[in-house]
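Reviewing the structure listed below.
The values are calculated or read from the model by the stated rules, or taken from the named source; none is laboratory data. Source: prediction; values computed, not measured. Reconstructed Cβ throughout: ideal geometry from the backbone, glycine too, with neighbour counts over all protein chains shown. Protein only, heavy atoms only, side chains kept; ligands, DNA and RNA dropped before computing areas. Shrake-Rupley method; radii C 1.70, N 1.55, O 1.52, S 1.80 Å.
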Amino acid sequence: MSATQVLPLPAAKGPWKGLINRYREYLPVTDKTPVITLNEGNTPLVHCCHLSHICGPNTDVFIKYEGLNPTGSFKDRGMTMAVTKAVEEGSKAIMCASTGNTSASAAAYAARAGITCAVLIPSGKNVALGKLAQASIAGAKVIRIEGNFDQALEMVRVLCETNPITLVNSVNPYRIEGQKTGSFEIVEQLGGVAPDLHCLPVGNAGNITAFWKGYTELHQRNHIAALPTMWGFQAAGAAPIVLGHPVPNPDTIATAIRIGNPASWKQAVAARDESKGKIDMVTDEEITAAYKHLASKEGIFCEPSSAASVAGLLKMVNAGQLDALRKERGLKHMNIVCVLTGHGLKDPDYATKSAEPPVVVPATMEAVLGALGMG
Ligand SMILES: *Cc1c(COP(=O)(O)O)cnc(C)c1O
């Protein structure tokens, strides 16, 4: 056996029962840990013809469709771990600051565990309606502060330090542990290799930290022969890592990444540098164009923030950066994975605003045929 031989991950035993059950050897749990799960994970890796074509010959682009998790975003991967560990440690209450998806996820897992959930959300229209609805119906105590996400997170950190409440933002290390399983699934779905390039949106930067941790662990354990290049994308109005300093008043339509001072800043920069990758930014127009492309050409409906991954990839294609990477790494064929972090139904308002409204006609065959251009 050669030293470089790659071993597959151990095979799944039985039907899918959530990511802790599937990947327990790689996670900080024991047989006694009370697993709180909604069968999260196991999301599809969908091949995209149009995007592959745009990226050039011998290139396959896949979407990791994280919107298909139980509460509609990748946050469930981290939350199953964070809430499981909170319950194991005897906690009766969890709390988070949220641009929406973390609260939706925390509320659902807390409900499942029978513990209290409190969430602090930013003011104004910065949280999509679907996300707020999820947290409220699950019985979370939702408090809207007259401030932005960064301020909410600062307050939650202090509240959790001084009260018997478990913080479940991505600064909670168990969140990162759960989220790293996204990499494990991608490797299994690609047949035992990491993608050559991994693109994702960057907000508070927990996700880029987690995916990179997942890939490096698989590499250390000899489950993959090579690591991916990581390309993270911030929104132009909320791009502290790109600019190199915090942004006091972040502004973008991509509300899930409207963050001016990411908690995992250092780890994101480490993922970028260790993978010889990039963290760049995309404008709201580029995000919206990618969002529409995904829905209308590939049939995949994501929330606007998610589309930053594809918007960034397309920006890099146009700038010649994808070809540069291909040359630099000497790749004859290239697998690219873009993570779509959340479901489009979280924010139907933005879809309605971005698309043509329905045509209204009288209830006659003639009128309908006329409207279809078949009259
Ligand atoms: C949380 C979130 C992000 C940003 O992830 P970070 O880990 O904060 O970088 C991106 N998109 C969606 C839909 C999210 O919910």
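One table, with the values for the structure above:
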| quantity | calculated |
| --- | --- |
| Protein-only accessible surface order, largest first, of ARG24, ARG77 at 1.4 Å | ARG24, ARG77 |
| Descending Cα extents along the principal axes, the chain, whole Å | 68, 56, 47 |
| 1.4 Å probe accessible area per residue over the range 8-145, in Å² | 40 Å² |
| Relative compactness, the range 186-332, computed as alpha-carbon Rg over 2.2 N^0.38 Å | 1.03 |
| Percentage of interatomic Cα-Cα distances in the range 84-216 larger than 22 Å | 41 percent |
| Two-site label geometry, LYS297 and LEU243: point separation in nm, points 7 Å out along Cα→Cβ | 3.1 nm |
| Global form of the range 1-160, assessed from the alpha-carbon gyration tensor, a/c cut-off 1.5 | oblate |
| For the range 172-248, average projected area of the Cα convex hull in nm² | 5.7 nm² |
| The range 130-209 and the range 313-340: distance between their alpha carbon centers, rounded to Å | 27 Å |
| Accessible-area composition of the chain, carbon plus sulfur, in percent [1.4 Å probe] | 57 percent |
| Formal net charge of residues neighbouring GLY100 (Cβ-Cβ distance under 12 Å; K, R +1; D, E -1) | +4 |
| In nm, spacing of pseudo-spin labels at SER123 and GLN321 (7 Å Cα→C-beta vector) | 3.5 nm |
| Length released on extending from ASN58 to ARG24, taking residue separation times 0.36 nm less the Cα-Cα span | 8.7 nm |
| Environment charge of THR209, counting only residues whose C-beta is closer than 10 Å and scoring Lys/Arg +1, Asp/Glu -1 | +4 |
| Lys pairs, the range 1-159 - Cα-Cα below 26 angstrom, 8 or more residues apart or on other chains | 26 |
| Fully extended contour minus Cα-Cα distance, from ASP349 to GLU274, at 0.36 nm per residue | 23.1 nm |
| Net length gained if the chain between LEU159 and VAL359 were fully extended (0.36 nm per residue, minus Cα distance) | 66.9 nm |
| Gyration tensor verdict on the range 311-356 (Cα atoms; rounded if a/c is under 1.5, prolate if a/b is larger than b/c, oblate otherwise) | prolate |
| Per-pair calculated FRET efficiency, R0 = 41 Å: GLU217 and ALA133 via Cβ, rounded to 0.05 | 0.70 |
| Positive minus negative residues near ASN335 (Lys, Arg vs Asp, Glu; Cβ under 13 Å) | +2 |
| Value of relative contact order over the chain, rounded to a whole percent, pairs C-alpha under 8 Å and six or more apart | 18 percent |
| Computed over the range 177-290: relative contact order in percent, which uses C-alpha pairs under 8 Å that are six or more apart | 29 percent |
| Span-rule helices in the chain, defined as complete DSSP H runs reaching 30 Å or more along the axis (Cα) with Kyte mean at least 0.5 | none |
| Mean Cβ count within 10 Å, highest first, over the residues of peptides 278-287, 168-177, 97-106 | 97-106, 168-177, 278-287 |
